[in-house]
Amino acid sequence: MRYKKILITGGAGFVGSNLCLKFKKKYPETKILALDNLKRRGSELNIPRLKQNKIEFIHGDIRDKEDFEGIEKFDLLIECSAEPSVLAGINSSPSYVINTNLIGAINCLEEARKNKADFVFLSTSRVYPIELINQLNFQEKATRFTLLENQKIRGASHKGISENFPLDKPRSIYGSTKLAAELFVQEYIQNYNLKGIINRCGLITGPWQMGKIDQGVIVLWAARHYFGGQLSYIGYGGQGKQVRDFIHIDDLFDILDIQLKDIEKYNAEIFNIGGGIKNSLSLLELTRLCQKISANKIKINSVKETRPADLRFYISDCEKIKKLADWEPKKNAQKTLEDIFLWIEKNEKQLKPILTN
């Protein structure tokens, strides 16, 4: 491992804590620092996990420059902190999502510049415009919507959305903050000789994700089937045919590990990181898989009206990173759901108050 000290922001969150633990396990001589403001409920459960594995936890907020003071010098910063909900700021003040996802990201870039550290930015597939995605030619099948091969919009095919999909339409406040942060990452790479990578991640899932209605849908679905309760198919006729691809947190770590072993090869590039068509599910298919694994059946309501900022279909076309890194996700839908159900079963008492609210 070329890096001696790694700072991971959002280090007590789902993605950040898992990356902290996985880097420490593979590279025990590397010092890992986890910075987090603990705003998201459930993140506090990760602090004992971090400390047990000799990862230093720092209670701080990337929105506040002073919270970086006193952090020892590091040579890599992985920016995982974000307000992750696409609904953030739509029916409420956008202040938190803007200050966290944009101003906070700029603060992180400044720290990387001052430390002369490399920088990895976890962006989002939500930078791609909603209106253009929903204009794509699709076909409705028995359990899901699918994209047709012939598309009029550049960067779209039956494989999904690639990195050269147009960006000139609205995408949500959340997506705009992440896209604006991407632009600053590019400027810092260009102007300050900083090495950096932008990874546009799709739906990331796995154990220790505190799934909610607006974020973490796969864990939410698994938790409701485990603990009981109700769910809803919302929008596009209320049939549950909306499709997303997903990537297991273990597979995300693998691709980051590949990139960081040879950052010069990936420097200044933007990559879609997701499961692609092979690792994709409609809500209806997700329900059936949860029923199969849990042996439980719960009530699924139908709401025909579509929510703001929702998509009928999103799959990341990841051919760019697959070819450059010779990488494929290892964990399919069955294995991913099995991992999640096993985690819930092992931590049922701790998780029930969080995952049932």
Check your understanding: Is it the case that some residue within region 270-281 is within 16 Å of ASP250 (Cβ to Cβ), out of contact with any strand residue (DSSP E or B) (no Cβ under 8 Å at 6 or more places or on another chain), of a type outside the set (Lys, Arg) and not in a strand (DSSP E or B)?
Key -> no
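With respect to LYS51, determine if the residue is without any contact (Cβ under 8 Å) to a residue 60 or more places away in the chain, charged (D, E, K, R), out of contact with any Pro (no Cβ under 8 Å at 6 or more places or on another chain) and under 22 Å from ILE204 (Cα atoms).
On the way: without any contact (Cβ under 8 Å) to a residue 60 or more places away in the chain: yes; charged (D, E, K, R): yes; out of contact with any Pro (no Cβ under 8 Å at 6 or more places or on another chain): yes; under 22 Å from ILE204 (Cα atoms): no.
No.
Can you tell me how many residues in region 208-242 are assigned to a loop (DSSP other than H, G, I, E, B) and touching a Lys or Arg at 6+ places or on another chain (Cβ under 7 Å)?
Kept after step one, since they are assigned to a loop (DSSP other than H, G, I, E, B), are these residues of region 208-242: 208-211, 213-214, 216, 228-229, 235, 239-242.
Imposing the further condition that a residue be touching a Lys or Arg at 6+ places or on another chain (Cβ under 7 Å) reduces the set to 210, 235, 241-242.
Number satisfying all stated conditions: 4.
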Point to revise | Criterion (modelled with pLDDT under 95, outside any helix (DSSP H, G or I) and among the charged types (D, E, K, R)) met by exactly one of GLU83, GLU163 | key: GLU83
Check your understanding: Of the residues LYS152, LYS178, LYS169, which single one is basic (Lys, Arg) and in a helix (DSSP H, G or I)?
Key -> LYS178
Check your understanding: Is it the case that some residue within region 64-78 is surrounded by fewer than 24 Cβ atoms within 10 Å (Cβ to Cβ), in contact with a Phe, Trp or Tyr (Cβ under 9 Å, 6 or more places away or on another chain), without any contact (Cβ under 8 Å) to a residue 60 or more places away in the chain and not polar (S, T, N, Q)?
Key -> no
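So, in region 227-252, exactly how many residues are closer than 16 Å to LYS335 by Cβ and surrounded by fewer than 20 Cβ atoms within 10 Å (Cβ to Cβ)? Before you say what the answer is, go through the steps one by one.
In the first step, residues of region 227-252 are kept if they are closer than 16 Å to LYS335 by Cβ; the result is 245-252.
Checking the rest, the ones that are also surrounded by fewer than 20 Cβ atoms within 10 Å (Cβ to Cβ) come to 250.
Residues flagged as closer than 16 Å to LYS335 by Cβ and surrounded by fewer than 20 Cβ atoms within 10 Å (Cβ to Cβ) within region 227-252 amount to 1.
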Exercise for review: Report, ordered by the first and then the second residue, all pairs with beta carbons closer than 7 Å, sequence separation of six or more or different chains, a first member in region 176-197 that is more than 16 Å from ASN101 (Cβ to Cβ), and a second member that is buried (at least 21 other Cβ atoms within 10 Å of the Cβ) and of a type in the set (D, E, K, R).
Suggested key: LYS195/ASP118; GLY196/ASP118
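Assess whether LYS116 counts as being more than 11 Å from LEU77 (Cα to Cα) and at pLDDT 95 or above. Show your work before the answer.
Values: more than 11 Å from LEU77 (Cα to Cα): no; at pLDDT 95 or above: yes.
The answer is no for LYS116.
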Review point. Taking region 171-221, which residues are surrounded by 22 or more Cβ atoms within 10 Å (Cβ to Cβ) and of a type in the set (Ser, Thr, Tyr)?
Key: SER172, TYR174, THR177, THR205
Exercise for review: Check off (1) over 20 Å from SER123 (Cα atoms); (2) touching an Asp or Glu at 6+ places or on another chain (Cβ under 7 Å); (3) of a type in the set (A, V, I, L, M, F, W, C); (4) part of a helix (DSSP H, G or I) for LEU33 and give me the number that stays unchecked.
Suggested key: (4)
Point to revise | Tally, over region 308-323, of residues that are assigned to a loop (DSSP other than H, G, I, E, B), closer than 18 Å to GLU149 by Cα and more than 18 Å from the chain's Cα centre (by Cα) | key: 1
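The values are calculated or read from the model by the stated rules, or taken from the named source; none is laboratory data. The model shown is predicted, which means the values in this text are computed figures rather than measured ones. As a convention, Cβ positions derive from the backbone with ideal geometry for all residues, glycine included, and neighbour counts pool all protein chains shown.
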